[in-house]
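Below is one structure, written out as structure tokens; comments come after it.
The values are calculated or read from the model by the stated rules, or taken from the named source; none is laboratory data. Remember, it's a predicted structure, so these values are computed and weren't measured experimentally. FYI the Cβ positions are ideal-geometry reconstructions off the backbone, even for glycines, and counts take in every protein chain you see. Quick note on the areas: whole protein, heavy atoms, side chains included, nothing else; ligands and nucleic acids left out. Shrake-Rupley method; radii C 1.70, N 1.55, O 1.52, S 1.80 Å.
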Amino acid sequence: MPQSSNFPDPNWGAQPAGAFAPTPDFTETELDSALAEANLPILLGSLALLTGDDQWVLEPYLPTAPTDLGDHDSGGFDEATAARIRENAREVLLRWQSGELTAPTDPPTPERIAAILSVMLAEPIGPEYGPLLAEEMGLAPRHTEPEQASTTPFHVVIIGAGISGLAMAVRLGQAGIDYTIVDKNDSVGGTWHENIYPGCGVDTPSYLYALSFDPKPDWSGYFAPQSELNAYWNELAARHGVDEHARFSTKVHVASYDEAASSWTVTIGPADGDEPTETLTADVVVSAVGLLNQPSVPKIPGLDEFTGPALHTARWDDSIRLEGKRVAVIGTGASAMQFVPASAEVADQVTVFQRTPQWAMPHPLKGESVDDAKHFLNAHVPFYVAWYRSRLFWRMGDKVWKLLQVDPDYPHLGRAVNKANDRLRAHLTAYIEHELAEYPDLLDKSVPDYPPYGKRLLIDAGWFRTLTRDNVDLVTDGIETVTSTGVRTTDGVEHEADVLVLATGFKAVDVLASIEVKGRDGRDLHETWGEGDGRAYLGITVPGFPNFFCLYGPNTNTGHGGTVIAGTEMQVQHVTSLISSMIDRRLASVEVREDVHDAYNTELDEAMASTVWDFGGTTTYYRNDRGRIVTNSPWRYVDYWSRVHEPNEADFIVTEKTPISAQTP
Ligand code: NAP
């Protein structure tokens, strides 16, 4: 497999053509007013990289640690030091603008990146994070390109044009590898194209929710709404020419491996049709069908009897008006967290049917817009947006991983899984008590009895305050039946409604359920897996399915936090690396060895056994009927990255193409 060091390219920091890069086109007045609003630790980190001088991250420029999830712009500096930092930054940036100062030609070492971030956040961050952070910041290539792409006919079919499919497509395009991307929708965006329910947006910070190699410097808010996310993915596709390779409104029926030809045939047809009308041929198929897009419609008696509109959040119909209506909402997960506050603003009455309360975290930047000064700094100060992202990546990601690990000796196992998890529980409980202090009835219903992170931890989007509204009712009695006019609960109460909304989530354990995949000797992927029990090596490759790669496959959802995009990019790098080897070394097929796949999954199951999800205590879409966690990864990002970053040839069975000279005429 291709070898890559962490910083092989002397043009470190260079972004691919067409992607965002900071520009020095600003006036001194603009710079001054932006610096007045700057995040000082980030400014210092930017100065360190721009000047190559670590005086900016030594005494007296050592910030204090943030005390909440906010940005901690002041860094805890006194006014005189803050003024000195701004003045120095001004001077350095003007020298950079004039061309008098250029960034050092030698890239920062990974260890230095981790050490600077550690100073910026005033907490230890191990050197093992350096290479990963460098990639996340766009300072080191997360990419492999074949040398012989232009001379070797090679075609990839990507199934799905959501986040993963687009990340794959962009990378293949940059590597000069031909591809077709197929999507049932009429546009790119996947989940962000499909989910248009009122209030829909991202509950991961926006600046983490973009590709590392093509960041967006000007998100409107710290948590962007669906329309802006959808626009980002559409613009990205246009910027990288993905549309020219796309087959929209097209459904994949069956992908089948042809052993003799070492290639795949993929039958496709119109998205609204039942029959395939065309066959594509590909050397490689990449599944990018997503994890959370098959709506789960619960088997509640009477669902078909309801006479008003009844719809799942993920199949929203924007012609439905909620103004003046009585809305019944079943479910209290991430989708309800956003839908309920938004609908309560306009509906006459909202009745929420809760089976399990949720842990939700306050976030000081939730609902806040990003101001022009921050947009300016992102756009014009080298490394500013990259440091901002890396701070989020650490703070929202691996920093919290330990909170999910079961300490078998912890005396209060049950309410929590370890001491830090228990501290978080106390913090979240105090928050709910504060929000519902005057509503003891609601409080009783709202404090979960399972450990935090047992279900996906949510960011509070105004949930608890919404529950206190006069036009909102929280119902915790079980649902007996849906009737023609509403919902009847087990206590016999009829809850009248005009619109019934199912915020009931997705059939996530049915990984890749939307496609039929036939591998070697016609073996069926879903039969191989068994119902709801998908497994893959690194979540990417499956024995018996050569030249077939999954993105966001089994056990790759990073349930401790961070962003799906980071994991996806790591998988894309892995797949691109394998494809590059296939092209440069004229490989006909690449298939993971069964023993490697099995050993990995044994190790994964063992790691999973000490997580909060395996500990149990609540329902979760992560778990299949047999109790196995199918969707989530037990690893820290840095551990997954080290496994996935450089494919190990010994893990795969490879076959070579027959040389033309040896082919029978
Ligand atoms: P979810 O987390 O699976 O929540 C489904 C809800 O429906 C749960 O409250 C569940 O109750 C309830 N439910 C299911 N069947 C029921 C039944 N028969 N009777 C009563 N209640 C029932 O689904 P989601 O809210 O759509 O979120 C799924 C995932 O999508 C999230 O975890 C997240 O990864 C993603 N998402 C992300 C965002 C974002 O902002 N980035 C927004 C929305 C969704 P129980 O808890 O008792 O099972």
Query raised in the report: Is it true that residue 164 is open to solvent by 50 Å² or more (accessible area, probe 1.4 Å), among the small types (Gly, Ala, Ser) and closer than 26 Å to residue 646 by Cβ?
Result: no
**Report entry** Members of region 253-307 that are open to solvent by 40 Å² or more (accessible area, probe 1.4 Å), part of a loop (DSSP other than H, G, I, E, B) and over 23 Å from residue 505 (Cα atoms)
**Finding:** 259, 260, 261, 272, 274, 275, 276, 277
Requested in this report: List every residue pair whose Cβ atoms lie under 7 Å apart, where the two residues are 6 or more positions apart in sequence or sit on different chains, the first residue falls within region 220-234 and is more than 11 Å from residue 210 (Cα to Cα) and charged (D, E, K, R), and the second residue, located anywhere, is part of a loop (DSSP other than H, G, I, E, B) and open to solvent by 30 Å² or more (accessible area, probe 1.4 Å).
Outcome: 228/220
Query - Among residues of region 282-317, those that are of a type in the set (S, T, N, Q), under 20 Å from the mean Cα position of the chain (by Cα) and away from the ligand (no atom under 12 Å from the Cβ), counted - result: 1
Report summary line: residue 591 meets each of (1) surrounded by fewer than 19 Cβ atoms within 10 Å (Cβ to Cβ); (2) more than 30 Å from residue 503 (Cα to Cα); (3) acidic (Asp, Glu) with one exception, condition (1)
Report task. Tell me which residues, restricted to region 471-480, are out of contact with any Lys or Arg (no Cβ under 9 Å at 6 or more places or on another chain) and open to solvent by 40 Å² or more (accessible area, probe 1.4 Å). Result -> 473, 477
Query raised in the report: Of everything in region 461-470 that's assigned to a loop (DSSP other than H, G, I, E, B) and crowded, with 16+ Cβ neighbours inside 10 Å, which residue is modelled with the highest pLDDT?
Result: 462
Query raised in the report: Going through region 413-452 one residue at a time, which ones are open to solvent by 20 Å² or more (accessible area, probe 1.4 Å), of a type in the set (Ser, Thr, Tyr) and assigned to a loop (DSSP other than H, G, I, E, B)?
Result: 439
Report summary line: Only one of 501, 493 is within 16 Å of the ligand (Cβ to nearest atom) and open to solvent by 10 Å² or more (accessible area, probe 1.4 Å), namely 493
Query raised in the report: Counting just the residues of region 346-355 that are touching a Gly at 6+ places or on another chain (Cβ under 9 Å) and open to solvent by 20 Å² or more (accessible area, probe 1.4 Å), which one comes out farthest from the ligand (Cβ to nearest atom)?
Result: 348
Requested in this report: Go through (1) within 27 Å of the chain's Cα centre (by Cα); (2) more than 16 Å from the ligand (Cβ to nearest atom); (3) open to solvent by 10 Å² or more (accessible area, probe 1.4 Å); (4) in the same structural domain as residue 644 (by TED's automatic domain parsing) one by one and return the number of the condition residue 577 breaks.
Outcome: (3)
Query raised in the report: Would you call residue 227 within 14 Å of the ligand (Cβ to nearest atom) and surrounded by fewer than 19 Cβ atoms within 10 Å (Cβ to Cβ)?
Result: yes
Query - Residues of region 323-335 classified as near the ligand (Cβ under 10 Å from one of its atoms) and open to solvent by less than 30 Å² (accessible area, probe 1.4 Å), total - result: 5
Query raised in the report: If residue 320 satisfies every condition in (1) open to solvent by less than 50 Å² (accessible area, probe 1.4 Å); (2) assigned to a helix (DSSP H, G or I); (3) away from the ligand (no atom under 12 Å from the Cβ) but one, which is the exception?
Result: (2)
Requested in this report: Name the one entry in 602, 631 that is over 16 Å from residue 550 (Cα atoms), polar (S, T, N, Q) and at pLDDT 95 or above.
Outcome: 602
Report task. Can you give me the number of residues within region 600-642 that are closer than 22 Å to residue 572 by Cβ, in contact (Cβ under 8 Å) with a residue 24 or more places away in the chain and within 19 Å of the chain's Cα centre (by Cα)? Result -> 12
Query - Within region 613-627, considering residues that are touching a Lys or Arg at 6+ places or on another chain (Cβ under 9 Å) and open to solvent by less than 60 Å² (accessible area, probe 1.4 Å), the one farthest from residue 456 (Cα to Cα) - result: 616
Query - Among (1) at pLDDT 95 or above; (2) buried (at least 22 other Cβ atoms within 10 Å of the Cβ) - the single one residue 372 does not satisfy - result: (2)
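Given 338, 358, which one is of a type in the set (S, T, N, Q), open to solvent by less than 30 Å² (accessible area, probe 1.4 Å) and part of a helix (DSSP H, G or I)?
Being of a type in the set (S, T, N, Q), open to solvent by less than 30 Å² (accessible area, probe 1.4 Å) and part of a helix (DSSP H, G or I) holds for just one of 338, 358, which is 338.
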Report task. Scan region 176-208 residue by residue and report those that are out of contact with any helix residue (DSSP H, G or I) (no Cβ under 6 Å at 6 or more places or on another chain) and within 23 Å of residue 144 (Cα to Cα). Result -> 176, 177, 178
Query raised in the report: Would it be correct to say that residue 210 is within 16 Å of the ligand (Cβ to nearest atom) and without any contact (Cβ under 8 Å) to a residue 24 or more places away in the chain?
Result: no
Report task. Kindly indicate whether any position in region 453-460 is part of a helix (DSSP H, G or I) and either crowded, with 20+ Cβ neighbours inside 10 Å or at pLDDT 95 or above (or both). Result -> no
Query raised in the report: Given (1) outside any loop (DSSP other than H, G, I, E, B); (2) crowded, with 18+ Cβ neighbours inside 10 Å, where does residue 144 come up short, assuming only one miss?
Result: (1)
Query raised in the report: Going through region 51-70 one residue at a time, which ones are under 13 Å from residue 117 (Cα atoms) and small (Gly, Ala, Ser)?
Result: 65
Report task. Find the residue count for region 538-565, including only residues that are under 17 Å from residue 605 (Cβ atoms) and outside any loop (DSSP other than H, G, I, E, B). Result -> 1
Query raised in the report: Does any residue in region 506-523 that is in contact (Cβ under 8 Å) with a residue 60 or more places away in the chain and part of a helix (DSSP H, G or I) come within less than 6 Å, Cβ to Cβ, of a residue that is away from the ligand (no atom under 16 Å from the Cβ) and not aromatic (Phe, Trp, Tyr) six or more places away or on a different chain, and which pairs are these?
Result: 520/259; 520/544
